[in-house]
């Protein structure tokens with residue numbers, strides 16, 4: 001009898017269960033493309049399209065561009081001395097290759113130039129110092145461009161909430177990313193622009209860039225000396 005009364009006794013469980021059923025509904029996950037600001041597909045397509053057009057112009061009209069640089073009075077007075085230093089494989093030429101080749105809109109195999117300039121007979125450690133300084137200058141320019149323009153582009157592509165999230169994640173992993181991207185053959189130029197756009201701490205950025213470049217070219221020197229026997 002006692003057990004039956006307990007079973008038949010009115011309970012408040014139904015009233016307690018209703019809200020649980022109502023709140024137990026899990027909302028559908030937001031699609032990835034909807035996490036960005038409205039019209040993100042068009043904005044990304046527009047930006048990528050501009051980069052593709054610039055790349056195609058550089059490829060299709062490369063010779064015309066070189067001829068223009070050679071003949072334009074003001075530009076040629078700057079371009080020709082740089083070209084001469086690079087062709088003669090001087091230390092200053094190595095600096096030009098490293099600084100210009102590290103710019104985010106230029107595709108130059110800076111690491112390969114290190115092998116080429118070493119063949120000229122330069123003192124290895126001095127050449128290493130020159131190429132690291134040049135690459136650091138290039139990264140500084142990339143950071144400055146990102147600081148001046150990148151934030152505006154970021155506002156176009158990503159909404160404010162996402163900007164905060166991405167900025168926190170990048171800043172949290174910034175030191176590791178900068179070092180790895182500068183040691184390995186990864187697009188460190190683009191990373192420098194991104195870090196400039198989110199106002200990453202400049203002093204920390206430069207120190208890690210220099211450390212990564214030193215590690216990379218020291219490793220290349222060891223490889224050249226012990227495997228290729230060039231030095």
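Below is a table of values for the structure above.
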quantity: Selection within the range 199-226 - surrounded by 19 or more Cβ atoms within 10 Å (Cβ to Cβ), more than 16 Å from the chain's Cα centre (by Cα) and either without any contact (Cβ under 8 Å) to a residue 12 or more places away in the chain or closer than 22 Å to residue 144 by Cβ (or both); calculated: none
quantity: Conditions (1) out of contact with any helix residue (DSSP H, G or I) (no Cβ under 6 Å at 6 or more places or on another chain); (2) within 19 Å of residue 202 (Cβ to Cβ); (3) modelled with pLDDT under 90; (4) surrounded by 13 or more Cβ atoms within 10 Å (Cβ to Cβ); number of the one not met by residue 158; calculated: (2)
quantity: Where residue 144 falls short, out of the listed (1) at pLDDT 90 or above; (2) crowded, with 16+ Cβ neighbours inside 10 Å; calculated: (2)
quantity: Hey, residue 59 more than 30 Å from residue 164 (Cα to Cα), modelled with pLDDT under 70 and exposed (fewer than 10 other Cβ atoms within 10 Å of the Cβ) or not; calculated: yes
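The values are calculated or read from the model by the stated rules, or taken from the named source; none is laboratory data. Predicted model, so just to flag it, every value in this text is computed and none were measured. Counting neighbours? That spans all protein chains shown, and the Cβs are built from the backbone with ideal geometry, glycine included.
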